[in-house]
Each structure stands twice: as structure tokens, then as C-alpha cells.
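Notes to accompany the following structure.
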Amino acid sequence: MVLYNKKFSPIKSSETLDYKDIDLLRKFINDQGKILSRRFTGLTSKQQKQVTKYIKRARILALLPFLNKD
């Protein structure tokens, strides 16, 4: 029997994802403004797709920047 290390999701089951929750979405963006991969965030594939969709939606509505020019 092989045991795998299960990563815990940074999104709690009680939390709902929303494109208006900028503080939560910033956890999944690096300092350049790129969306972090599943390997770094520990999300499931379903959660990663939702996070990506909401980050892109927030960028279009100018809630998040496309680039960080700092």
C-alpha cells in the first residue's frame, strides 16, 4: 500500500470563491501578476479552474491588474 502526502487546500470548504474577493484571489497571483500553478497553490483542478476564471474576470473589471509594474 502506497501512501501519498495529501495537501490541504488553501480554500476552506466554507469559503466560496467570488471574483469580488480580491484578498483571496491575490493569494494565487505572484508578484509579477501571473496566476500560480496548482503545484504551488495546492488546489484541486476544479478549484484551479474557478480561481483562474475569477482572476481573469476581476482583471477585466479592473479589480486586479494585468501586470505589476513595480
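May I ask you to verify whether residue 45 is modelled with pLDDT of 90 or more and not aliphatic (A, V, I, L, M)? When the stated conditions are applied, residue 45 passes them. Somewhere in the range 13-20, is a residue at pLDDT 85 or above, within 16 Å of residue 65 (Cβ to Cβ), assigned to a loop (DSSP other than H, G, I, E, B) and not basic (Lys, Arg)? Yes.
Within the range 36-70, if we keep just the residues that are aromatic (Phe, Trp, Tyr) and either on the phi > 0 side of the Ramachandran plot or part of a helix (DSSP H, G or I) (or both), the residue that is most open to solvent (accessible area, probe 1.4 Å) turns out to be 40.
Residue count for the range 22-35 satisfying the condition of being open to solvent by 70 Å² or more (accessible area, probe 1.4 Å) and not charged (D, E, K, R): 1.
The values are calculated or read from the model by the stated rules, or taken from the named source; none is laboratory data. All of these numbers come straight from a predicted model, not from anything done at the bench. Counting neighbours? That spans all protein chains shown, and the Cβs are built from the backbone with ideal geometry, glycine included. These area figures cover heavy atoms from the full protein model, side chains too; ligands, DNA and RNA do not enter into them. Shrake-Rupley method; radii C 1.70, N 1.55, O 1.52, S 1.80 Å.
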